[in-house]
Structures are given as structure tokens and as C-alpha cells.
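The values are calculated or read from the model by the stated rules, or taken from the named source; none is laboratory data. What you see is a predicted model, and the numbers here were worked out from it, not measured in a lab. Cβ placement follows ideal geometry from the backbone for every residue including glycine, while neighbour counts extend to all protein chains displayed. Accessible surface is based on the protein model in full, side chains and every heavy atom, while ligands, DNA and RNA are left aside. Shrake-Rupley method; radii C 1.70, N 1.55, O 1.52, S 1.80 Å.
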Amino acid sequence: LTQDELKTLVGQAALQYVVPGEIVGVGTGSTVNKFIDALAGMKNQIKGAVSSSVASTERLKALGIAVFDANEVESLSVYIDGADEIDGQGHMVKGGGAALTREKIVAALAARFVCIADESKLVKALGQFPLPVEVIPMAANHIARRFQAMGGQASLRLKDGQPLVTDNGQHILDVKGLSITDPLAFESQINQWPGVVTVGVFAHQKATVCLLGTAQGVKTLDY
Ligand code: DER
């Protein structure tokens with residue numbers, strides 16, 4: 001099975017967690033896109049979605065699925081999203097798609113976080129994938145120096161040669177060379193730094209279950 005086929009497999013498997021008649025929380029990325037495409041098949045059985053990015057909103061709307069603002073819902077039964085890395089406890093590194101801030105917001109609304117990922121995302125320890133950090137632009141260099149002081153190498157994410165601007169109008173640093181041995185403590189520590197909007201460690205908002213696409217089929221990992 002190709003990676004794309006594994007993503008389709010887990011995107012379809014996530015439908016079983018969608019509660020009929022409700023609004024579902026939807027993440028961002030190529031794996032989530034497979035879920036959105038599968039969700040279209042049951043669009044008459046759900047009320048709609050709360051989206052974590054402009055990109056996902058556009059895909060949902062194009063498929064005829066109503067999109068609600070996060071402020072229109074009190075809570076969600078489930079949030080479906082991908083990850084760049086997930087460890088054995090359901091802690092994740094996210095932000096490869098530059099949507100980490102709104103992803104963490106929508107995840108916070110949901111009772112359950114269902115992570116959908118191909119097996120390449122499962123790691124023993126977080127930090128191999130360059131850690132995305134959404135920052136207020138004026139603080140970027142200061143924050144980059146603080147990561148350097150802890151052994152990391154931060155670089156501003158570019159798009160077409162210019163700093164990428166997120167849906168929230170901020171910039172993203174990608175930080176290499178970190179070994180995140182205590183994700184909960186690390187997330188709390190970095191969140192305190194002035195200028196950090198969101199750090200791409202999802203430990204406080206970790207997954208409750210991961211549908212992992214493998215050559216042997218979908219493995220369900222409960223946390
Ligand atoms: O940006 C994100 O957090 C995405 O969910 C990312 O982590 C997974 O994207 P992918 O499914 O395209 O690998």
C-alpha cells in the first residue's frame with residue numbers, strides 16, 4: 001500500500017467516530033483531506049463541521065458540508081486530525097500544515113481527539129520532525145535565539161521566498177535538533193515565552209485514539 005492509500009484507509013476509518021446529527025471538528029492536512037472526502041458521503045447525516053484552517057473550510061464547503069465558527073458551538077464530541085509525529089502516549093508534533101493554532105483551539109472544544117496517520121508518523125520520542133512554532137513576527141529572532149540556547153536550530157518558514165503568513169497573520173519557526181523527552185513540560189515551558197502564539201507540541205491536547213494506517217490495515221491505538 002502506498003502512503004496515499006494508507007491515508008485514504010485511515011481517513012475512511014475515522015467516519016466511525018462521527019456522531020450522526022452533530023457538528024464534527026476537522027483538522028488540516030493531506031490525511032484529513034481524505035477524511036473530508038469520505039465525510040462528504042455522509043453529509044446528510046451530520047449537521048456540519050468546525051474547521052481548523054481556511055484550506056479545510058474551502059474543501060468542506062466545496063463538498064457541500066456546512067462550516068460553523070468555533071464560537072457557534074459549546075463543545076464537540078470528536079475532533080479528527082492528522083499529525084507530523086505521534087508517540088506511544090498520544091502526544092503529537094503538529095503544524096506541518098501551518099494550522100497548529102486553530103487545530104489546538106478546535107481540539108480543545110472536543111471530548112475526543114481522533115488522530116489519523118500513516119505508520120511513518122509513529123515515533124518513540126518527539127522531535128525528529130522540525131518543531132513548528134507559531135510566533136508574533138516581531139519576536140521571531142528573539143525566540144529563535146532562545147531555541148538556539150537549548151540546542152535547537154530555528155528557521156523562519158518561507159513560502160515563495162517570503163515568510164509564510166498563517167491564517168492568523170503570524171509567522172512560523174521550524175526548529176530542528178530538539179529532543180522532547182517530556183512533551184507536557186516542554187509545551188508548558190515554550191508556551192510561556194513572550195511572542196509564542198502556539199507551540200506544535202500537542203501534549204495537553206493529546207490524542208485519545210490514533211487510527212494508524214499500516215500495510216496490515218488500520219491499527220487502533222488507545223491512549
Ligand atoms: O499541520 C498539521 O498539524 C497536519 O495535521 C499535519 O501534522 C499532518 O499532515 P499530513 O496528514 O499532510 O501529513
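Put a dot 7 Å past the Cα of Asn44, heading toward its Cβ, do the same for His204, and the two dots end up 4.3 nm apart. Against the chain, whose longest principal axis is taken from its Cα atoms, helix 3-13 shows a tilt of about 60°. Would region 97-142 count as rounded, prolate or oblate if I go by the C-alpha gyration tensor, calling it rounded below 1.5 in a/c and otherwise prolate when a/b exceeds b/c, oblate otherwise? Since a/c reaches 1.5 but b/c is at least a/b, the shape of region 97-142 is classed as oblate. Here the accessible area is traced with a 1.4 Å probe on the protein chains. For region 57-135, carbon and sulfur cover 48 percent of it. Can you give the calculated 222 nm mean residue ellipticity of the chain, where each DSSP H run of n ≥ 4 adds -39,500 (n - 2.57) and the sum is split over every residue, rounded to the nearest 500 deg cm²/dmol? It lands at -7500 deg cm²/dmol. Once C-alpha pairs closer than 8 Å and six or more residues apart are averaged by separation and normalised to the residue number of the chain, the relative contact order reads 22 percent.
Apply the Debye scattering formula to region 56-131, with a single equal point scatterer on each alpha-carbon and no solvent, then give log10 I(q)/I(0) at q = 0.12, 0.14, 0.18 Å⁻¹. Debye intensities relative to I(0), on a log10 scale: -0.38, -0.52, -0.81.
With θ taken as phi - 60° and the Karplus curve 6.51 cos²θ - 1.76 cosθ + 1.60 applied, the whole-hertz 3J(HN,Hα) list for region 100-116 is 4, 5, 5, 4, 5, 5, 5, 4, 5, 7, 9, 6, 10, 10, 9, 8, 10 Hz, x standing for glycine and proline. Based on the convex hull around the alpha carbon atoms, region 7-92 presents an average projected area of 5.6 nm². 3J(HN,Hα) along region 53-65, derived from phi through the Karplus expression 6.51 cos²θ - 1.76 cosθ + 1.60 where θ = phi - 60°, amounts to 6, 4, 4, 5, 4, 5, 5, 4, 5, 4, 9, x, 9 Hz, with x in place of Gly and Pro. Considering only Leu164, Ser53, Gln89, and ranking their Cα positions along the charge dipole of the chain that arises from unit charges at the beta-carbon of Lys, Arg, Asp and Glu, the one farthest toward the positive end is Leu164.
A simple charge model with +1 on the Cβ of Lys and Arg, -1 on the Cβ of Asp and Glu and nothing else charged puts the dipole of the chain at about 200 debye relative to its Cα centre. In this structure Met150 has an accessible area near 70 Å², from a 1.4 Å probe over the protein heavy atoms.
Computed from Cα atoms, the angle from the helix 30-39 axis to the main principal axis of the chain rounds to 20 degrees. Taken per residue, the accessible surface of the chain reaches 45 Å², heavy atoms only and a 1.4 Å probe. In straight-distance terms, cross-link reach from Lys61 covers every one of the lysines whose alpha-carbon lies under 17 Å from its own, apart from those fewer than eight places away in the same chain; here that gives Lys34, Lys43, Lys47. Only alpha carbons enter this Debye calculation for region 89-212, each as an equal point scatterer, and the log10 of I(q)/I(0) it gives at q = 0.09, 0.16, 0.19 Å⁻¹ is -0.23, -0.75, -1.06.
The modelled label-to-label distance for the pair Asn141/Gln3, using points 7 Å beyond Cα in the direction of Cβ, is 3.5 nm. Note on region 84-188: Lys pairs 8 or more places apart or on different chains, Cα atoms under 21 Å apart, count 9. The share of alpha-carbon pairs in the chain lying farther apart than 23 Å comes to 44%.
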